[in-house]
Every structure is written in C-alpha cells, then in structure tokens.
Amino acid sequence: VQLVETGGGLVQPGGSLRPACAASGVILSINTVGWYRQAPGKQREFVASITGGRSANYANSVKDRFTISRDNAKNTVYLQINSLKPEDTAVYYCILLSAPSTWGQGTQVTVSA
C-alpha cells in the first residue's frame, strides 16, 4: 500500500489549491481516507475524511473552505482548498483510516503574500 501526496505549492491568501492523494496497492473506493496537516511547531491535526460511500467529515476549522472528493477511475482522493489563509500553511498528508497504513512525505502548502 502506498499513498503519494502531490499538488501543494505556494499561493497567496485567498487563493486555492487541490492536493491529491494517489494510491497504489489499495482500492480507495472501498476504504476511508483521511487528510491531515502539520504546521511548523505544531502537532499533526485531522482535516477531512471520506468513506467508501463518499460520506465526508471535516474539522470545524476548515468545513466551510475545504472539500474532500474521490476519483475512482484514478484511485485518487482530492482536497479542494479555497480561500486559503496563512494559518493553512502546513504539510498535508493523506492516510488510510480503515486499514493499516503509514504516513507518506506529504505535500507542502504555503500561504503567503
């Protein structure tokens, strides 16, 4: 099982990004996948998750700006992030929540003017 995060970058406040979590060795459509993030000097925190049935759950701090989705054909989960704020700056990770999994390298999201 391998999950690889891509799609981060440097963006100005108010901008958007769509990190992606591509999987190999596992079928995401029958699993629950979570996105987490870790800001500098802080603990890793839950951001969002999506079940096989596409039920989504969000941290209260992001629910109005983040949308988690899945493309079954690409076996990829996405995290659409809108109205980015400097406090969203972090490394974003995806992980299986319904099966054994390990943390990948994540993708860096930096929000700065």
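Could you grab the pairs with beta carbons closer than 6 Å, sequence gap of 6+ or different chains, first residue in segment 55-67 and of a type outside the set (S, T, N, Q), second one in a loop (DSSP other than H, G, I, E, B)? Cβ pairs passing all conditions: R65/N82; R65/S83.
Restricting attention to segment 11-26, the residues being open to solvent by 30 Å² or more (accessible area, probe 1.4 Å), over 16 Å from the mean Cα position of the chain (by Cα) and more than 21 Å from D64 (Cβ to Cβ) number 2.
Strands (runs of 3 or more DSSP E) fully within segment 52-113 that include at least 2 residues being surrounded by 14 or more Cβ atoms within 10 Å (Cβ to Cβ) and among the aliphatic types (A, V, I, L, M): 76-81, 90-96, 107-111.
Mind listing just one residue for me: the one in segment 30-51 that is outside any strand (DSSP E or B) and under 18 Å from P100 (Cβ atoms) and, of those, farthest from the chain's Cα centre (by Cα)?
The extreme case among them is I30.
With respect to the conditions (1) farther than 15 Å from T51 by Cβ; (2) in contact with a helix residue (DSSP H, G or I) (Cβ under 9 Å, 6 or more places away or on another chain); (3) polar (S, T, N, Q), S98 lacks only one, and its number is (1).
The values are calculated or read from the model by the stated rules, or taken from the named source; none is laboratory data. Only a predicted model underlies this, so the values are computations on that prediction, with no experimental measurement involved. Virtual Cβ from ideal backbone geometry, glycine too; neighbours counted across all protein chains shown. These accessible areas exclude ligands, DNA and RNA; they are computed on the full protein's heavy atoms, side chains included. Shrake-Rupley method; radii C 1.70, N 1.55, O 1.52, S 1.80 Å.
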